[in-house]
Each structure stands twice: as structure tokens, then as C-alpha cells.
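Engineer: Here's a structure for you.
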Amino acid sequence: MSTLAHTMMTAARSADSGLAGPGELDRYPYVEAPGADRVGAPVWDGADPELGRVGRRAAGSRGRGLHGQLVQQLGQMIVSGDLGADRPLVPEEIGQRFEVSRTVVRESLRVLEAKGLVSARPNVGTRVRPVSDWNLLDPDIIEWRAFGPQRDDQRRELSELRWTIEPLAARLAAGHGREEVNQRLADMVEIMGHAMAQGDSLTFSRADAEFHSLLIQVAGNRMLEHLSGIVSAALQVSGGPVTGCDRPNETSLAHHARIVDALAAGDGVGAEAAMRQLLTVHPEVERVVPAPREH
């Protein structure tokens, strides 16, 4: 095993040891909990009771500051529909409910405003914006949608978007290939192979994410490069419909290796074809390769 593979697998195991790290929290609290958990749940005084449904402090929120936690909680509530469009958000009530300062509330709402989830106007206050205004390419919104009531639509849309982006990126990357980049991609395939042999799905997924992100970055198209975060987010929320790189198996590994070989040979057509095969969903999944929609 290469030094890189060993280091990456060790780091992944450490991250999976149960110790909370950055970004680890009770991320999807809007999913329905058992009825007993909801009995006596506090609500904001003078506010719609729905605003208090997801107010509990997350036990797994260590490693994320109060600002990040509040952005996560409010973002999930908006995307899940618990806070519907045009719903007023009163900073004082938010601060009391989540036990955070006005500064934390103000900065969190600014982040949500930048994502298109809320708008703040003089004499009107802060209100939730309709879905049509959201930045649906924002990685956080992708994640929140993928684990909320819109999960099926989000995962289908991600699958279709990847089918559009990544084969093109693979073809372009063959014309911009550099030896060090090809070696890095080959290293990721090696890591995935070792991880699969050891049943280490966490390391496999991390190497897979780096493989796809790097491939897009070396395509030589800055607009495609800007979309690399979307692909990374898609890999993190993988699940029905399932693409060939969502499950560690020999076929998936072989397709990744074919892409590397095609890039090394400068074969853009071969790299594109291998990527399309990789992104084809498994036969047991009802929906197959995304097809153009009828208008």
C-alpha cells in the first residue's frame, strides 16, 4: 500500500472513531421523530408553534460554532417546509428560542440571505423566500434538500446534473492532462481499491470524492471548475437513484481505472465513455440513465 493510501485510510478511521469533528451535528432534525420525543416540546412565545419544532440543541453539534449551528438549523427548517415561504423570522424570537446572542442571529440570517433562503427589507423584516429564489447549487442547500422531504427530487436532479457535467469534464481533462495530476488520480483509484478490500467505505467515499473533484478541476474550464462543489455534495448525499460510484465494487473501481488510463493516453472519447458507464445507475434501480425531459 502506498504511503498516501495508508495516510488517507488512517485519517478516515480516526474521523469515524466517534469523536465529533467539524460539521458533525444532528444534521437533519426535521425528519419526523417518535411522538414521545415531541411531547412537551417548547415553542417560541408569540410565534407559530412550527418554529419551535426543531429548536432542541443537537447533541452532536460539537465542533461547529453557534453561528454554524443556527445556520444549519434554520436552513433545514426552511428547506424542509417547516418554515414556509413568506414566513416572518423575528431575530429576538430566534435568539430566545436557540439561546444565542443577537450577533449570532444577525450573522446567521445574513448567511441564509446570501443563499437566497430569506430576505431582509426595511419596515418588512426578515421573511422566508420561495423556492424559486433559492440558490439550489449551494452545497448546503443540496445537502438539506437531499435529506429532507424533497430527497427524491434532489437526488434525481443531482444525478441528471452529474450526467451532464462529468463526462464532458473527463473528455476535456484528457487534453489538459499532466503527469502529476494523472498520478494523483491513479493514487485515488489505488486508495479506493485498498479501502474496498478492507470494507472501509468511508475511505472509499473520500477518495472517490477527491477523484471526481480533481477531474473537474483539471478540465481547463473555469465554469465547470466552479461546479466541482456540486459534484462533491452529490457524492456526500448519494442514494437513490444510485450511480456506479456510490457503492464500492469491482465494476466501479474498473471504470475509475479506465478513466485514468484514457486520460494518460490523451483519449478524450475513451475517458468520456468510461465516465458515462460509471455514472450509469445499477440495474436493480428502476430509473436508469437520465434521459432528456419532454417539454
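Engineer: Can you confirm whether residue 188 is touching a Phe, Trp or Tyr at 6+ places or on another chain (Cβ under 9 Å), part of a helix (DSSP H, G or I) and closer than 29 Å to residue 138 by Cα? Break it down stepwise before answering.
Structural biologist: Working: touching a Phe, Trp or Tyr at 6+ places or on another chain (Cβ under 9 Å): yes; part of a helix (DSSP H, G or I): yes; closer than 29 Å to residue 138 by Cα: yes.
Criteria met by residue 188.
Engineer: Here's something else I'd like to know. Mind checking which residues of the stretch 96-125 are of a type in the set (Asp, Glu) and farther than 20 Å from residue 144 by Cβ? Spell out how you get there, then give the answer.
Structural biologist: To start, the set of residues in the stretch 96-125 that are of a type in the set (Asp, Glu) comprises 99, 107, 113.
Selection gives 99 alone.
Engineer: Additional query: Could you figure out which of (1) surrounded by 14 or more Cβ atoms within 10 Å (Cβ to Cβ); (2) free of Cβ contacts under 8 Å to residues at least 12 places away in the same chain isn't true of residue 127?
Structural biologist: It is condition (2) that residue 127 fails.
Engineer: How many of the residues in the stretch 193-220 are crowded, with 17+ Cβ neighbours inside 10 Å and assigned to a loop (DSSP other than H, G, I, E, B)?
Structural biologist: Qualifying residue count for the region: 3.
Engineer: Being at positive phi and not hydrophobic (A, V, I, L, M, F, W, C) narrows it down to one residue among 125, 75, 95, 68; which is it? Break it down into steps so the answer makes sense when it comes.
Structural biologist: Numbers: 75 fails: at positive phi; 95 fails: at positive phi; 68 fails: at positive phi.
Result of the check over 125, 75, 95, 68: 125.
Engineer: In addition: Could you grab me the full set of residues in the stretch 122-135 that are at pLDDT 90 or above and more than 15 Å from residue 85 (Cβ to Cβ)?
Structural biologist: At the first step, the residues of the stretch 122-135 found to be at pLDDT 90 or above are 125-135.
Answer for the stretch 122-135, where residues must be at pLDDT 90 or above and more than 15 Å from residue 85 (Cβ to Cβ): just 135.
Engineer: Within the stretch 180-200, does at least one residue satisfy the condition of being of a type in the set (Asp, Glu), outside the structural domain of residue 83 (by the TED database), touching a Pro at 6+ places or on another chain (Cβ under 9 Å) and at pLDDT 90 or above?
Structural biologist: Residues of the stretch 180-200 of a type in the set (Asp, Glu): 180, 187, 190, 200.
Now narrow it down to the ones that are outside the structural domain of residue 83 (by the TED database): 180, 187, 190, 200.
Add one more test, that the residue is touching a Pro at 6+ places or on another chain (Cβ under 9 Å), and what stays is 200.
Then drop every residue that is not at pLDDT 90 or above, which leaves 200.
Scanning the stretch 180-200, I find at least one residue that is of a type in the set (Asp, Glu), outside the structural domain of residue 83 (by the TED database), touching a Pro at 6+ places or on another chain (Cβ under 9 Å) and at pLDDT 90 or above, so the answer is yes.
Engineer: With respect to residue 86, is the statement that it is assigned to a loop (DSSP other than H, G, I, E, B), open to solvent by 30 Å² or more (accessible area, probe 1.4 Å) and not hydroxyl-bearing (Ser, Thr, Tyr) true? Steps first, please.
Structural biologist: Numbers: assigned to a loop (DSSP other than H, G, I, E, B): yes; open to solvent by 30 Å² or more (accessible area, probe 1.4 Å): yes; not hydroxyl-bearing (Ser, Thr, Tyr): yes.
Considered against the rule, which asks whether it is assigned to a loop (DSSP other than H, G, I, E, B), open to solvent by 30 Å² or more (accessible area, probe 1.4 Å) and not hydroxyl-bearing (Ser, Thr, Tyr), residue 86 comes out as yes.
Engineer: While we're looking at this one, here's another question. For the stretch 95-107, name all the residues that are under 13 Å from residue 120 (Cβ atoms) and touching a residue at least 24 places away in the same chain (Cβ under 8 Å). Write out each step before concluding.
Structural biologist: Here is the first cut: in the stretch 95-107, the residues under 13 Å from residue 120 (Cβ atoms) are 105-107.
Within the stretch 95-107, 105, 107 qualify.
Engineer: So, of the residues in the stretch 137-184 that are of a type in the set (Asp, Glu), assigned to a helix (DSSP H, G or I) and open to solvent by less than 70 Å² (accessible area, probe 1.4 Å), which turns out to be nearest to residue 226 (Cα to Cα)?
Structural biologist: Keep residues of the stretch 137-184 that are of a type in the set (Asp, Glu), which gives 138, 140, 143, 152-153, 157, 160, 166, 179-180.
Narrowing the set further to residues that are assigned to a helix (DSSP H, G or I) leaves 140, 143, 152-153, 157, 160, 166, 179-180.
Next, only the ones that are open to solvent by less than 70 Å² (accessible area, probe 1.4 Å) stay: 140, 143, 157, 160, 166.
On the way: 140: 15, 143: 18, 157: 18, 160: 17, 166: 13 Å.
Taking the candidates together, the pick is 166.
Engineer: Something else: Being among the acidic types (Asp, Glu), modelled with pLDDT under 85 and part of a loop (DSSP other than H, G, I, E, B) is the filter here; which residues of the stretch 225-274 pass it? Full working, then the answer.
Structural biologist: Initial filter on the stretch 225-274 (among the acidic types (Asp, Glu)): 225, 246, 250, 261, 267, 272.
Within this subset, residues satisfying the condition of being modelled with pLDDT under 85 are 225, 246.
Listed by number, the list holds a single entry, 246.
The values are calculated or read from the model by the stated rules, or taken from the named source; none is laboratory data. Since we're looking at a predicted model, the values are computed, not measured. Counting neighbours? That spans all protein chains shown, and the Cβs are built from the backbone with ideal geometry, glycine included. What goes into the accessible areas is simple: the full protein's heavy atoms, side chains included, and nothing from ligands, DNA or RNA. Shrake-Rupley method; radii C 1.70, N 1.55, O 1.52, S 1.80 Å.
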